[in-house]
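To start, the structure under review is shown below, and the notes come after it.
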Amino acid sequence: MNLQNILIIKLRHIGDVLLSTPVLRGLRAAFPHAQLTMLVNRGTEGVLAHNPDVNEVLCLEKGSCGAQLKFVQMLRRRGFDAVIDLTDGDRSAIIGLVTGAPVRIGFNAEHRWRGLLYSAVAKPRPIDQHRVDYDLCALRALGLDTKPGTPALYASPADEQVVESWMQEAGLLSTQAPPLLVLLQPGARYSLKVWSHERFAQLADRLADKFACRILLGGDQREREVAEQVAHKTRCAPLVVAGKFSLLQFASLVKRCALFVGNDGGAMHIASTMGTPVVALFGPTYPQRWGPRGGPTQVIYKGLDCRACYHPTCLRGDESCMQQITVDEVFTASSRMLERRMAGA
């Protein structure tokens, strides 16, 4: 099969888009001269900036009905010969159909009607397959033999310079003994995935006391209030960087950190992709499917079955999966990671 104009669709969140980048690498290896266009939700496009495996990134139009119709008509005029839909959603399957592409690959684990809209349905193998490997099954539906992949993210020299300038101003680039940096991520997209603010604050103080490290509190602009609440509960005066940097600037910053500790989410995947050691706190989601891929990782997960109460609320109260994660065990795992990093340095 000789494909020359391929549309890849991933209408999910930042972490999902990042975990799909091995598919782009596989397509580029198989079709080195093809035009690869990726369609994503607005706000996630930064994941793909500077990625050499994609030619163009489009953001889904969610405005008026007229604007959406024009957007779909534009896609149809592109003359795609294949659509790879990695979204697991009905809307993306419809978009793929209306492009008119003769080859349309997608997933349909729920056995919904959207399976009829694809020319071939990708069939993942094990039930608990990691999302990276799950997405790569779409390439097998094209007859491609893919190898296990790791996500890729590319910060530009300009992003690096912004972070370096900020670190210089913050006194984090001392020529004598630059402090060890630890980034804590206390927020998450869903409240049920969040470890308590009080425990993040206790962890920050204990790590600062033991390792004389400088604590950074990360997150996007929506999570800045959460980060500030954690900061107010500490003694170690952490630097709140939530909402301060763009996605790729954050990637440049976390790459300079000795450790990332945080809830399951996009920031966790960014940190791991950049090779930073990660202590990942999992509750209602499954690390077998959504765990970080990249650098050294320690996952803390209680293995509770959350399918009955994940949304809209948790029925376990003080015995919830995140509440069962103690400060002691996160501190122990974090200490091991930092000691290994310091020994390696």
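The values are calculated or read from the model by the stated rules, or taken from the named source; none is laboratory data. Source: prediction; values computed, not measured. All Cβ positions, glycine included, derive from the backbone under ideal geometry; neighbour counts span all protein chains shown. Ligands, DNA and RNA are stripped out before the accessible areas are found, and what is left, the full protein with its side chains, is counted by its heavy atoms. Shrake-Rupley method; radii C 1.70, N 1.55, O 1.52, S 1.80 Å.
For a Förster distance of 22 Å, can you work out the FRET efficiency between the beta-carbons of Glu329 and Asp128, rounded to the nearest 0.05?
Computed FRET efficiency for Glu329 and Asp128 comes out at 0.40.
Identify the GluC sites (Glu not before Pro) of segment 47-127 meeting these criteria: DSSP loop state and at most 14 other C-beta atoms within 10 Å of the C-beta.
Details: sites: Glu56, Glu61, Glu110; in loops: Glu61, Glu110.
Answer by residue number: Glu110.
Assuming 0.36 nm per residue, please report the length gained on full extension of the stretch Arg222 to Ser246 beyond their Cα-Cα distance.
7.3 nm
Keeping all protein chains in the complex and leaving out DNA, RNA and ligands, what accessible area do you get for Glu339 with a 1.4 Å probe, in Å² to the nearest 10?
Counting only protein heavy atoms, the figure is 90 Å².
Starting from segment 31-135, pick out the trypsin sites (Lys or Arg not before Pro) whose DSSP state is loop and whose Cβ has at most 11 other Cβ atoms within 10 Å. Let's see the in-between values first.
Working: sites: Arg42, Lys62, Lys70, Arg76, Arg77, Arg78, Arg91, Arg104, Arg112, Arg114, Arg131; in loops: Arg42, Lys62, Arg78, Arg112.
Those satisfying the criteria are Arg42, Lys62.
So how much accessible area does His197 have, in Å² to the nearest 10, using a 1.4 Å probe?
40
Compute the distance from the alpha-carbon center of segment 165-208 to that of segment 20-99, in whole Å.
35
Rank these residues by their accessible area, most exposed first, probe 1.4 Å: Trp290, Trp195. Write down the numbers at each step before the final one.
Working: Trp290 70, Trp195 0 Å².
Result of the area sort, largest leading: Trp290, Trp195.
Can you tell me the length gained on complete extension of the stretch Arg78 to Asp209, counting 0.36 nm per residue apart and subtracting the Cα distance?
Details: separation 131, 0.36 × 131 = 47.16 nm, distance 5.80 nm.
So the chain would gain 41.4 nm between Arg78 and Asp209.
For segment 170-275, compute Rh as the Kirkwood radius over C-alpha pairs and then the Stokes-Einstein diffusion coefficient at 4 °C and 1.567 mPa s; write the answer in µm²/s, rounded to an integer.
My calculation gives 95 µm²/s for D.
Sorting Tyr134, Tyr301, Tyr190 by accessible area (1.4 Å probe), largest first, what list results?
Tyr190, Tyr301, Tyr134
Roughly how many Å² is the accessible area per residue of segment 17-148, as a whole number, for a 1.4 Å probe?
Value for segment 17-148: 46 Å² per residue.
Pop a pseudo-label 7 angstrom from the Cα along the beta-carbon direction at both Glu61 and Ala49 and give the gap in nm to one decimal.
2.4
For the chain, what % of the accessible area comes from carbon and sulfur atoms, probe 1.4 Å?
About 52 percent, which is the carbon plus sulfur part of the accessible surface.
Taking a virtual spin label 7 Å from the Cα of Ser196 along the C-beta vector, which residues in segment 261-289 bring their backbone nitrogen under 19 Å of it?
Inside the label zone: 262-264, 281-284.
Kindly identify segment 214-292 as rounded, prolate or oblate by the Cα gyration tensor criterion: order the square roots of the eigenvalues as a ≥ b ≥ c, call it rounded if a/c is under 1.5, otherwise compare a/b with b/c, prolate if a/b is larger, else oblate.
prolate
So, counting K/R as plus one and D/E as minus one, what does the shell of residues with Cβ under 14 Å around Met167 add up to?
Every neighbour counted, the sum reads 0.
Using Stokes-Einstein with the Kirkwood hydrodynamic radius over Cα pairs, what translational diffusion coefficient do you get for the chain at 20 °C and a viscosity of 1.002 mPa s, in µm²/s rounded to a whole number?
It diffuses with D of about 100 µm²/s by this estimate.
Please work out the average accessible area per residue across segment 152-219, using the 1.4 Å probe convention, and give it in Å².
Accessible area per residue, segment 152-219: 45 Å².
I'd like the accessible area for Phe211, computed on protein heavy atoms only with a 1.4 Å probe and all protein chains in place. Round to 10 Å², please.
Counting only protein heavy atoms, Phe211 exposes about 30 Å² to solvent.
Mean residue ellipticity at 222 nm from the helices of the chain, using -39,500 (n - 2.57) per DSSP H segment of n ≥ 4 over the full residue count, to the nearest 500 deg cm²/dmol? Show your work: numbers first, answer last.
Working: 12 runs with 124 residues, N = 345.
One gets -10500 deg cm²/dmol as the mean residue ellipticity at 222 nm.
Using DSSP to define loop residues, name the trypsin sites (Lys or Arg not before Pro) in segment 184-270 whose beta-carbon has at most 13 other beta-carbon atoms within 10 Å. List each step's numbers first, then the result.
Numbers: sites: Arg189, Lys193, Arg199, Arg206, Lys210, Arg214, Arg222, Arg224, Lys233, Arg235, Lys244, Lys255, Arg256; in loops: Arg189, Lys233, Arg235, Lys244, Arg256.
Within segment 184-270, the qualifying trypsin sites (Lys or Arg not before Pro) (loop, at most 13 other Cβ atoms within 10 Å) are Arg235.
Measuring from a point 7 Å past the Cα of Leu116 along Cα-to-C-beta, which residues in segment 79-106 have an amide N at less than 16 Å?
Hits in segment 79-106 for Leu116 at 16 Å: 90-91, 93-95, 97-98.
Mind giving me the FRET efficiency for His33 and Ala343? R0 is 56 Å, r the Cβ-Cβ distance, nearest 0.05 is fine. Let's see the in-between values first.
On the way: r = 46 Å, r/R0 = 0.83.
About 0.75, to the nearest 0.05.
Of Lys62/Lys147; Lys10/Lys70; Lys193/Lys244; Lys244/Lys302; Lys10/Lys147; Lys210/Lys255, which pairs sit farther than 27 Å apart, going by alpha carbon to alpha carbon?
The answer is Lys62/Lys147; Lys244/Lys302.
Can you tell me the relative contact order of the chain? Whole percent, Cα pairs under 8 Å, sequence separation 6 or more.
14
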